[in-house]
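Undergrad: Let me give you the structure first, and then I'll get to my questions.
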Amino acid sequence: MATATTVPGRWGGLSRLFHWGMLGLFLVIVPLGLYMADLPLSKQKLKLYALHKSIGLTLLALAALRLLWRSTQRRPSLPPMPAWQERAASATHVALYALMFLVPLAGWLFNSAAGFPLQWFGQVNLPALVDANPALKSLAREAHELGAWTLVAFVALHAAAALKHHFIDRDRTLALMTPGVKAPGTGVDP
Amino acid sequence: MNTRHPSPALLLFVGVLGLSACPTLYAADAPAYVPVAAQSSLSFSGTQQGERFTGVFRDFDARIAYAPDQLPGSHIDVTIRLKSLDSKSQDRDSALAGADWFDFAKFPTATFHAATIRISSAGPVGDADLTIKGKTKRISFPFTWKNDSGKNVLDARVTLDRLDFGVGAGEWADESVAGRKVDVVVHLVLASAPAAAAPAATAGKPAAAPAAAPKH
Ligand code: HEM
Ligand code: HEM
């Protein structure tokens with residue numbers, strides 16, 4: 001994931017839009033997933049499932065676009081920090097990118113193995129990845145759930161690290177990604 | 001309101017007339033057949049969230065008495081054991097079993113009785129009473145009757161409105177989740193029914209299928 005060259009300055013507008021826009025959708029889709037699964041069968045339940053899947057497919061498409069866009073960008077250089085922190089940060093980013101694909105794909109697989117229809121916001125129907133298959137269905141369901149929790153854990157770690165850099169180390173890490181946030185102490189944009 | 005009682009003679013006359021007009025009592029039955037389980041199917045297809053799905057009922061009995069030149073003695077009787085439904089999704093199957101849909105617990109079977117079969121310009125048509133979930137509706141059942149390498153084959157396709165039978169009632173009645181129109185496709189490969197009054201063979205249980213029943 002590490003790009004050979006880094007540039008001064010912060011992440012560009014589109015990168016920031018992807019980053020925070022996707023966070024917004026994750027904040028909707030995860031609670032929705034947890035809430036809907038325990039409901040008794042009703043039309044409302046199916047509607048919430050449909051919404052969850054639609055947002056999930058949107059996130060999958062955004063992850064692909066985001067990665068594509070990222071490959072055209074150079075990464076802003078991080079403020080000075082211990083090497084292990086930089087390594088931990090990039091390892092976390094790799095994990096986050098991987099999960100951005102794996103979680104919705106496992107959801108799609110689960111849906112396919114369950115033999116359920118898949119529609120994006122009631123507009124387009126997407127094909128099943130596999131034929132209905134009860135054994136694969138429970139496996140994919142476990143993978144989707146475990147993947148979602150792993151994603152939540154990595155996001156928590158990642159966000160905690162970003163906030164630690166901002167409030168404790170008082171460096172410009174958070175400002176790299178966040179519009180309107182300036183590097184602490186300096187009062188200037190990175 | 002007419003308070004005069006009709007004379008006994010008139011009653012008798014009407015009764016005899018009624019009996020003689022009743023084909024199943026007096027007309028000689030047309031040759032009878034039962035489906036060969038392994039080659040026959042009763043399937044349906046509907047739409048859910050914009051996607052078409054198909055399902056089958058694996059367990060049904062059918063007895064078909066039919067000959068184009070013996071229409072008064074022709075009839076079709078089918079009993080479908082609903083819990084043999086398989087729509088290739090456990091979730092959908094268990095939803096369809098519930099009270100809002102087929103309500104298997106209360107209505108374990110659906111029945112189809114075509115007591116009259118006539119010949120229309122397009123071919124044979126049964127006038128059938130279809131009962132699903134305790135609701136009976138008269139439907140017309142056009143079918144084709146072919147002889148395929150020595151076996152008679154009945155094929156039919158009818159489109160039903162699930163709401164006629166209260167299947168998917170209540171909050172499911174509108175089409176936002178499931179479409180109302182359901183196509184039913186019947187494909188029966190027939191063998192002569194075992195001699196008189198034997199119970200119709202059970203489709204879907206090959207072991208119980210009649211082994212080369214004698215021709216009469
Ligand atoms: C990045 C995107 C996604 C995230 C973060 C996510 C997250 C979650 C979470 C946290 C749950 C609750 C887990 C449980 O208790 O079982 C869940 C359930 C579910 N998700 Fe997703 N999901 C995503 C995408 C998708 C997609 C794309 C689909 C389908 C195409 C999908 C289908 C489902 C289904 C069907 C359930 C219900 C599981 C059940 O009935 O037990 N998800 N999701
Ligand atoms: C409150 C939540 C979050 C905070 C405070 C936060 C903060 C940050 C900051 C400050 C950066 C810049 C670090 C750098 O340039 O190395 C960053 C980058 C990144 N963030 Fe977040 N983030 C949050 C949520 C998320 C979420 C939900 C995801 C994805 C699921 C995510 C994925 C990433 C990735 C992959 C990068 C690296 C940039 C890239 O390679 O595209 N972040 N985040």
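The values are calculated or read from the model by the stated rules, or taken from the named source; none is laboratory data. Bear in mind that the values here come from a model prediction, so they are computed numbers and not experimental data. Cβ: placed from backbone, ideal geometry, glycine included. Neighbour counts: every protein chain shown. In case anyone asks, the SASA skips ligands and DNA or RNA and just uses the protein heavy atoms, side chains included. Shrake-Rupley method; radii C 1.70, N 1.55, O 1.52, S 1.80 Å.
Undergrad: Calculate the dipole size of chain A relative to its Cα centre from +1 charges on Lys and Arg beta carbons and -1 charges on Asp and Glu beta carbons; express the result in debye to the nearest 20. Intermediate values should be presented prior to the final figure.
TA: Values: 17 positive and 8 negative charges, 75 e Å.
Using Cβ point charges on Lys, Arg, Asp and Glu, chain A gives about 360 debye.
Undergrad: How far is helix A:13-37 tilted, in degrees, relative to the longest principal axis of the Cα atoms in chain A, given as a value from 0 to 90 rounded to the nearest 10?
TA: 40 degrees
Undergrad: Express the carbon and sulfur contribution to the solvent-accessible surface of the protein assembly as shown as a percent, rounded to the nearest whole number, probe 1.4 angstrom.
TA: Numbers: 14410 of 21920 Å².
Answer for the protein assembly as shown is 66 percent, counting heavy atoms of protein chains only.
Undergrad: About the Cα centre of the protein assembly as shown, how large is the charge dipole given +1 on each Lys and Arg Cβ and -1 on each Asp and Glu Cβ? Please answer in debye to the nearest 20.
TA: Details: 39 positive and 29 negative charges, 194 e Å.
I would put it at about 940 debye.
Undergrad: Output ³J(HN,Hα) for the range A:111-120: one whole-Hz value per residue in order, computed from phi by the Karplus curve 6.51 cos²θ - 1.76 cosθ + 1.60 with θ = phi - 60°, and x for Gly and Pro.
TA: Each residue of the range A:111-120 in turn: 4, 5, 5, 7, x, 9, x, 9, 10, 9 Hz.
Undergrad: Summing both sides, how much accessible area is buried between A and B? Use a 1.4 Å probe and give Å² to the nearest 100.
TA: On the way: alone 11100 and 12200 Å², together 21920 Å².
The A and B chains share an interface burying roughly 1400 Å².
Undergrad: Please state the charge dipole magnitude for the range B:29-194, taken about the Cα centre, from unit charges on C-beta atoms (+1 on K and R, -1 on D and E), reported in debye and rounded to the nearest 20.
TA: Working: 19 positive and 21 negative charges, 30 e Å.
With Lys and Arg at +1 and Asp and Glu at -1, about 140 debye.
Undergrad: In addition: In the range A:99-125, which residues give up 10 Å² or more of accessible area once the other protein chains are added, compared with their chain alone (1.4 Å probe)?
TA: Buried on complex formation: A:Ala114, A:Gly115, A:Phe116, A:Pro117, A:Gln119, A:Asn125.
Undergrad: Once every DSSP H run of n ≥ 4 in chain A is given -39500 (n - 2.57) and the sum is divided by its residues, what mean residue ellipticity at 222 nm do you get, rounded to the nearest 500 deg cm²/dmol? Numbers along the way, then the final one.
TA: Working: 5 runs with 124 residues, N = 190.
Rounded to the nearest 500, the figure is -23000 deg cm²/dmol.
Undergrad: Can you give the direction-averaged projected area of the convex hull of the alpha-carbon atoms in the range A:13-177, in nm²? Write out the running numbers ahead of the final one.
TA: Values: hull surface 43.9 nm².
Over all viewing directions, the range A:13-177 projects a mean Cα-hull area of 11.0 nm².
Undergrad: Okay, next question. Would you grab the residues whose amide H sits under 5 Å from the one on B:Ala191? Only those 5+ places off in sequence or on another chain, please, with H modelled 1.01 Å from N.
TA: B:Val34, B:Val36
Undergrad: Of B:Thr47, B:Ala115, B:Leu163, which is farthest towards the positive pole of the protein assembly as shown's charge dipole, taken about the Cα centre with +1 and -1 on the beta-carbons of Lys, Arg and Asp, Glu respectively?
TA: B:Thr47
Undergrad: Further question on the same structure: Restricting the calculation to Cα positions, tell me the Rg (one decimal) and the Dmax (whole number) of the protein assembly as shown in Å.
TA: 32.7, 115
Undergrad: Now for a different question. Could you sort the residues of the range B:84-98 by number and keep only those whose accessible area is reduced by 40 Å² or more in the all-protein-chain setting relative to the chain alone, 1.4 Å probe?
TA: B:Gln90, B:Asp91
Undergrad: Roughly speaking, what % of Cα-Cα pairs in the range B:29-194 are separated by over 19 Å, rounded to a whole number? Walk me through the intermediate numbers first.
TA: Details: 7558 of 13695 pairs.
So the pairs more than 19 Å apart make up 55 percent of the total in the range B:29-194.
Undergrad: Same structure, new question: Per residue, how large is the accessible surface of the range B:29-194? Use a 1.4 angstrom probe and give square angstrom.
TA: Numbers: 7250 Å² over 166 residues.
I get 44 Å² per residue for the range B:29-194.
Undergrad: So, one more: Let me check I've understood the local charge: for A:Met177, count other residues with C-beta under 9 angstrom from its C-beta, Lys and Arg +1, Asp and Glu -1. What total comes out? Could you put the intermediate results ahead of the total?
TA: Values: positive: A:Arg10, A:Arg16; negative: none.
Around A:Met177, the charge tally is +2.
Undergrad: Go through the range B:66-78 residue by residue and turn each phi into a ³J(HN,Hα) via Karplus (6.51, -1.76, 1.60, θ = phi - 60°); whole Hz please, and just put x for glycine and proline.
TA: Calculated HN-Hα couplings, in order: 7, 8, x, 9, 10, 4, x, x, 9, 6, 10, 10, 9 Hz.
Undergrad: Provide the per residue accessible area, probe 1.4 Å, for the range A:1-52, rounded to a whole number of square angstrom.
TA: Details: 2980 Å² over 52 residues.
Accessible area per residue: 57 Å².
Undergrad: Taking θ = phi - 60°, what integer Hz values does the Karplus form 6.51 cos²θ - 1.76 cosθ + 1.60 yield along the range A:101-106, in sequence order, with x for Gly and Pro?
TA: Computed from phi, the couplings for the range A:101-106 are 8, 5, 5, x, 5, 5 Hz.
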